[in-house]
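Note sheet for the following structure.
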Amino acid sequence: MRILQALFDADPLTTGQLRERLPDIPPATMYRHIAVLVDAGVLEVVDERRVRGTVERSYRVHQDQGAIDPAAREAMTRDDHRRAYTTFAASLMGDFDRYLAHPDADPHRDGLVYRQAAVWLTDDEFTAMVAEIEHAVVSRIGNTRDGGRTRRVVSLVVVPDTPLTPPGPATATRPRPAEPAPLSHAESSGR
């Protein structure tokens with residue numbers, strides 16, 4: 001997950017560049033996970049060049065593979081969700097710590113934002129809100145570095161505060177909300 005987040009919306013990166021961004025990951029682990037992601041079609045090789053007798057590859061996330069599709073998400077167990085979210089949260093903490101460790105970090109100037117809000121929404125209102133957020137983020141993904149832009153990492157976490165329905169027979173008959181389109185770039189922190 002952290003490798004994917006390092007590559008989201010970034011220029012293609014070599015393994016060496018990924019190791020610079022994720023220095024706490026042992027090299028053997030990095031190479032093994034990159035190989036697994038390439039074999040699974042999640043990462044694609046976009047460039048190869050010879051460097052001191054070896055082949056240096058540049059990778060990027062295969063855009064169709066950057067998010068967990070609805071069917072896979074539905075098949076996940078509660079423990080699968082716990083593990084995935086723990087990895088996601090740890091990655092967010094890593095991004096935050098790396099930012100604050102930078103000598104030029106100025107949270108006020110840099111527009112550091114972290115907020116939480118509770119909203120009461122029907123299923124339709126929730127679906128509309130997610131679509132609005134997705135549009136706001138995804139419509140800006142194609143922006144380039146020029147024009148004084150700063151790369152900002154946007155993450156989205158939505159957790160129901162309480163179970164949506166009481167357990168029992170009503171649960172089986174309650175209509176499910178429409179599946180919001182996956183925020184492949186915003187679901188992961190993108191770092």
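The values are calculated or read from the model by the stated rules, or taken from the named source; none is laboratory data. Bear in mind that the values here come from a model prediction, so they are computed numbers and not experimental data. Here the Cβ positions follow ideal geometry from the backbone for every residue, glycine too, while neighbour counts run over all protein chains shown.
The condition of being of a type in the set (S, T, N, Q), modelled with pLDDT of 85 or more and in a loop (DSSP other than H, G, I, E, B) holds for only one of T162, T150, T144, that being T150.
Per-residue answers, yes or no, for (1) under 15 Å from R152 (Cα atoms); (2) surrounded by 11 or more Cβ atoms within 10 Å (Cβ to Cβ):
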{"site": "R78", "(1), (2)": "no, no"}
{"site": "A84", "(1), (2)": "no, yes"}
{"site": "A90", "(1), (2)": "no, yes"}
{"site": "R98", "(1), (2)": "yes, yes"}
{"site": "P103", "(1), (2)": "no, no"}
{"site": "P107", "(1), (2)": "yes, yes"}
{"site": "G111", "(1), (2)": "yes, no"}
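Within the range 22-43, residues that are closer than 19 Å to L92 by Cα sit with their Cβ atoms under 8 Å from residues that are of a type in the set (S, T, Y) and modelled with pLDDT of 90 or more, at 6+ positions apart or across chains, in these pairs: M30/T15.
For A128, the stated conditions hold: it is surrounded by 12 or more Cβ atoms within 10 Å (Cβ to Cβ) and over 21 Å from T14 (Cα atoms). Of the residues making up the range 71-96, those that are among the hydroxyl-bearing types (S, T, Y), out of contact with any helix residue (DSSP H, G or I) (no Cβ under 7 Å at 6 or more places or on another chain) and within 26 Å of D24 (Cβ to Cβ) are Y85, T86, T87.
Considered as a group, the residues in the range 141-160 that are touching a residue at least 12 places away in the same chain (Cβ under 8 Å) and more than 28 Å from V119 (Cα to Cα) include one that is surrounded by the most Cβ atoms within 10 Å (Cβ to Cβ), and that residue is R151.
The set of residues from the range 12-27 being out of contact with any strand residue (DSSP E or B) (no Cβ under 8 Å at 6 or more places or on another chain) and either not assigned by TED's automatic domain parsing to the domain that holds R49 or not in a helix (DSSP H, G or I) (or both) comprises L22, P23, D24, I25, P26.
Among the numbered conditions (1) assigned by TED's automatic domain parsing to the domain that holds T14; (2) without any contact (Cβ under 8 Å) to a residue 40 or more places away in the chain; (3) among the acidic types (D, E), the only one that D80 does not meet is (1). Take T122 and decide whether it is modelled with pLDDT under 90, among the polar types (S, T, N, Q) and loosely packed, with under 11 Cβ neighbours inside 10 Å. Spelling it out, it is not the case that T122 is modelled with pLDDT under 90, among the polar types (S, T, N, Q) and loosely packed, with under 11 Cβ neighbours inside 10 Å. The residues listed here are Y59, Y99; of these, the one that is in the same structural domain as A40 (by TED's automatic domain parsing) and closer than 22 Å to M30 by Cβ is Y59. Evaluating V46 against the criteria (1) surrounded by fewer than 16 Cβ atoms within 10 Å (Cβ to Cβ); (2) under 17 Å from the mean Cα position of the chain (by Cα); (3) closer than 25 Å to R140 by Cβ leaves one unmet condition, (2).
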